[in-house]
Amino acid sequence: VRTLSRLNDVYSKAKEIEFDNHSKYVFVADVHRGDNSSSDEFGPNKNIYYHALQYYYQDDFTYVEVGDGDELWETKNIQYVYTSHSAVFNLLQKFQEDNRLIMLYGNHNMQMKNPAYAEKYMTSAYDSFLGDDIDILPGVEFVEAIKLVHRETRQEIFVCHGHQGDLGNDQLWWLSYGLVRHVWRYLHKLGIKYMASPTHNKYKQHKTEKSHHKWLRQNSAMLICGHTHRPRLPNSYDDRYFNTGCCIHPRGITCLEMSYGEIALVSWSVSSRRDGMVYIKRELLKGPMTVEEFNKSNNGGTHGNQGNSQTSETGQL
Ligand SMILES: [Mn+2]
């Protein structure tokens, strides 16, 4: 119940952005850029991620980071994150200069909610390699959510990280933050996995996704989230719950591409050719599906003649 009212509140305040059938968006979440120590789970995937980012930059996509981009629970100072992954930030800055960067905060970078904090830590940093202060993302603005609205049909896509209303990750985020910061971080460095995180906890995933499905039954928008680290493209047009997955899976990264009115789930991973040449491969995991087919406000009606939008728990990737 709390989750639903939180989601409705976030939805009503979400920043509106128009899109059309020529738009290209890539939705990426849970990058968890860290300090390149052994607890930085993004470290092993940084080259894959960088390559994917370059592809989207060259292919005119708008990059939407759906929360938890920087791991600020385990790494207090963004300075260390910047130093560890400066090439990534330089590329994000190019998206920013082209007006193709949309940054959402999640529970692991909730600090960015405060514009003064984002201004202080995200706009410039000391580059120890160059020995000088340099710009990171000048003028960057972090929002909690966005609402993509189709220019002609007014179809809506609600995008948020997905931790909203999850007590320990939302209202009490500072408590979890403290535990991670002062206790968990050290266990993590020893190689212990965090079982309470939605990534590894089956029950918790279920709960979060259940709330999202409940929200969808009361709203006609499509919903794109991250947070659970479970990539998801619906099995049918009656279901409007999408999840980007994450960038810290040992097998690679996953994301959602929306281009020319279609949406698909893709992965990027390391592969090799017959001659032993190693390369980074983009693979279509599921889809594409037509965005307009998800438009329930057009043909759905209020009496549920689209079927009662069964929340299928099966077939998730
Ligand atoms: Mn999260």
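A few comments on the model shown:
- Relative packing of 6-19, 107-120, 216-229, which averages over residues the other C-beta atoms within 10 Å, highest first: 216-229, 107-120, 6-19
- Stretch gain in nm, segment GLU97-ASN235, where the contour uses 0.36 nm per residue and the Cα spacing is subtracted: 46.0 nm
- Members of LYS76/LYS207; LYS94/LYS207; LYS24/LYS46; LYS94/LYS286 lying beyond 32 Å, as alpha-carbon distances in this model show: LYS94/LYS207
- Cα→Cβ-extended label distance, 7 Å offset, between GLU152 and LYS76, nm: 5.5 nm
- Here the gap between ASN47 and SER271, fully extended at 0.36 nm per residue and compared with their Cα-Cα distance, gives a gain of 79.3 nm.
- Counted residue by residue at 0.36 nm each, then reduced by the alpha carbon distance between them, the extension gain from SER37 to GLU16 reaches 3.8 nm.
- Residue ranges 72-82, 95-105 sort as 72-82, 95-105 when ordered by packing (mean number of other C-beta atoms within 10 Å per residue, highest first).
- Backbone phi angles across the range 255-270, fed through the Karplus curve with coefficients 6.51, -1.76 and 1.60 (θ = phi - 60°), yield HN-Hα couplings of 7, 10, 10, 10, 8, 6, x, 10, 10, 9, 9, 10, 10, 10, 8, 7 Hz in residue order; Gly and Pro are listed as x.
- All Cα-Cα distances of the range 1-128, cut into 10 Å bins from zero to the largest, leave 11, 41, 34, 13, 1 percent in each bin in turn.
- Straight-line reach from LYS15: taking Cα to Cα under 16 Å and skipping same-chain neighbours fewer than 8 places apart, the aspartates and glutamates in range are GLU65, GLU141, GLU144, GLU156.
Values quoted throughout were computed directly from the atomic coordinates according to the rules given, and no laboratory measurement underlies them. As the structure is a computational prediction, the values presented were derived from the model and not from experiment. Virtual Cβ from ideal backbone geometry, glycine too; neighbours counted across all protein chains shown.
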